[in-house]
Amino acid sequence: MLIVLKPGTPEAVANDVMTRLRMAGLAVHRTEHDGRTRIAAIGDLGGVKADEVSGWPGVEATQKLARPFKLASRAFHPHDTVISVGRAAIGAKSIVVMAGPCSVEGEEQAFTIAEAVAKAGATVLRGGAYKPRTSPYAFQGLGEEGLKILRRAADAFGLSVISEVMDSQQVPLLARYADILQIGARNMQNYTLLREVGHAHRPVMIKRGLSSTIEEWLLSAEHVMAQGNQQVMLCERGIRTFETYTRNTLDLNAVPVVKELSHLPVIVDPSHGVGIRDKVAPMARAAVAAGADGLMIEVHHDPDHALSDGAQSLYPAQFESLVAQIRTIAEVVGRTV
Ligand code: PEP
Ligand code: MN
């Protein structure tokens with residue numbers, strides 16, 4: 001149930017409403033919008049009727065939160081969530097560009113790429129140190145050494161860091177080096193991991209599962225938010241379909257759909273979405289036109305020798321020209337880069 005309080009409701013009255021809801025066994029979350037306090041009361045509503053709550057002091061209106069995701073819904077939180085990370089305000093007018101290698105491979109590689117993407121206009125450096133590889137024989141990442149390199153490379157060029165956390169036990173380690181914790185597509189429904197990042201004091205980016213519906217994806221965000229971490233962004237990275245020419249099918253439908261259902265920022269990763277280098281830029285341009293709040297792009301200076309995802313990685317020069325193009329597209333949709 002959503003409870004909207006009257007403008008200017010004294011804090012003591014608001015607290016009283018929340019206490020009564022908690023006493024009815026409900027989880028209570030609060031947000032402010034348009035000068036009004038909005039309270040989401042979540043749980044078994046058998047003990048408290050909306051009509052009854054409508055009569056409580058301070059209550060202006062009650063409304064059913066009909067969707068299964070509550071805190072992630074625009075019904076609860078009507079205005080766009082903006083997440084500040086270093087120089088980026090993710091979800092605000094400016095589109096955030098996250099770029100870097102699939103995997104951190106070493107100092108020279110990370111610094112070369114970090115310098116190139118920073119020069120082109122990225123503000124967040126991506127790079128995996130713990131890699132979820134389909135084959136156990138493929139490169140699994142440099143681990144903590146990789147995180148140290150990534151952090152140094154980012155700091156050298158004024159960038160923030162995003163990196164994947166694969167396991168709930170790794171959360172404190174990742175939080176030490178990364179500004180944003182990435183939940184990989186394969187882990188979107190790892191609820192133990194979602195709960196753990198829900199307690200971390202770091203923004204979280206949840207990649208859409210390979211075969212997950214938009215509702216399942218938003219419920220994964222809900223798992224994180226229900227633990228108290230509201231700094232969640234979503235990343236469309238392509239889903240499994242019957243099509244085999246491309247690595248995945250980038251579901252750009254998800255961008256306007258999620259923007260309507262939720263207040264959370266939506267990032268698009270066309271690199272994994274399409275999997276073919278020369279198709280990445282067109283899909284990145286389309287993502288911006290569709291209303292994405294940011295892009296995540298794999299970039300490598302020597303993709304033929306990359307230890308993962310070389311075939312979908314842009315050369316630095318291609319990345320630079322892509323950023324120039326999206327500046328123009330951003331303007332058309334009332335955004336900046
Ligand atoms: C990645 O970002 O390199 C990655 C492994 O992505 P996903 O989880 O979307 O496959
Ligand atoms: Mn990759």
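The values are calculated or read from the model by the stated rules, or taken from the named source; none is laboratory data. As the structure is a computational prediction, the values presented were derived from the model and not from experiment. As a convention, Cβ positions derive from the backbone with ideal geometry for all residues, glycine included, and neighbour counts pool all protein chains shown. Ligands, DNA and RNA are stripped out before the accessible areas are found, and what is left, the full protein with its side chains, is counted by its heavy atoms. Shrake-Rupley method; radii C 1.70, N 1.55, O 1.52, S 1.80 Å.
Long hydrophobic helices in the chain: the complete DSSP H runs spanning 15 Å or more by Cα along their own axis with mean Kyte-Doolittle hydropathy of at least -1.0 are 11-23, 107-120, 144-156, 214-226, 277-290, 316-332.
Roughly speaking, what % of Cα-Cα pairs in the chain are separated by over 30 Å, rounded to a whole number? When all Cα pairs of the chain are counted, 36 percent exceed 30 Å.
Charge dipole of the stretch 182-243 (Cα centre as origin; +1 on each Lys and Arg Cβ, -1 on each Asp and Glu Cβ, all else neutral): 220 debye, rounded to the nearest 20. Between the stretch 161-216 and the stretch 80-96, the alpha-carbon centres lie 19 Å apart.
Short-range pairs are left out: with C-alpha atoms under 8 Å and at least six residues apart, the relative contact order of the stretch 36-164 is 20 percent. Placing a pseudo-label 7 Å from each Cα along the Cα-to-Cβ vector at S211 and E145 gives an inter-label distance of 3.7 nm.
Accessible surface for the stretch 2-63, divided over its residues, is 52 Å² per residue with a 1.4 Å probe.
Computed over the Cα atoms of the stretch 274-337, the ratio of the radius of gyration to the Kirkwood radius (Rg/Rh) comes to 1.01.
Divide the volume of the convex hull around the Cα atoms of the stretch 1-73 by the residue count and you get 79 Å³ per residue. Amide H to amide H distances under 5 Å link C235 with I206, K207, R208, I267, where only residues 5 or more positions off or on other chains count and H is placed in the peptide plane. Packing around the peptides 156-162, 231-237, 95-101, 181-187, taken as the average count of other Cβ atoms within 10 Å per residue, puts them in this order, highest first: 95-101, 231-237, 181-187, 156-162.
Its relative contact order, with pairs defined as Cα atoms under 8 Å and 6+ residues apart, puts the chain at 16 percent. Here the accessible area is traced with a 1.4 Å probe on the protein chains. For the chain, carbon and sulfur cover 52 percent of it.
Counting only heavy atoms of the protein chains and using a 1.4 Å probe, D155 has close to 90 Å² of accessible surface.
Descending by average beta-carbon neighbour count within 10 Å, the peptides 43-49, 277-283 line up as 277-283, 43-49, the highest first.
Full extension of the segment from F111 to R152, taken as 0.36 nm per residue of separation minus the current Cα-Cα distance, would add 13.9 nm. Using C-alpha pairs below 8 Å separated by at least 6 residues, the relative contact order for the stretch 228-337 is 22 percent. Based on DSSP H segments of at least four residues, each scored -39500 (n - 2.57), the chain has a per-residue ellipticity at 222 nm of -10500 deg cm²/dmol. Would you grab the residues whose amide H sits under 5 Å from the one on L65? Only those 5+ places off in sequence or on another chain, please, with H modelled 1.01 Å from N. Amide H neighbours of L65: L2.
Accessible area of L142 (1.4 Å probe, protein heavy atoms only, ligands and nucleic acids ignored): about 60 Å². The dipole here belongs to the chain: it is taken about the Cα centre, uses +1 on the Cβ of Lys and Arg and -1 on the Cβ of Asp and Glu, and is about 520 debye.
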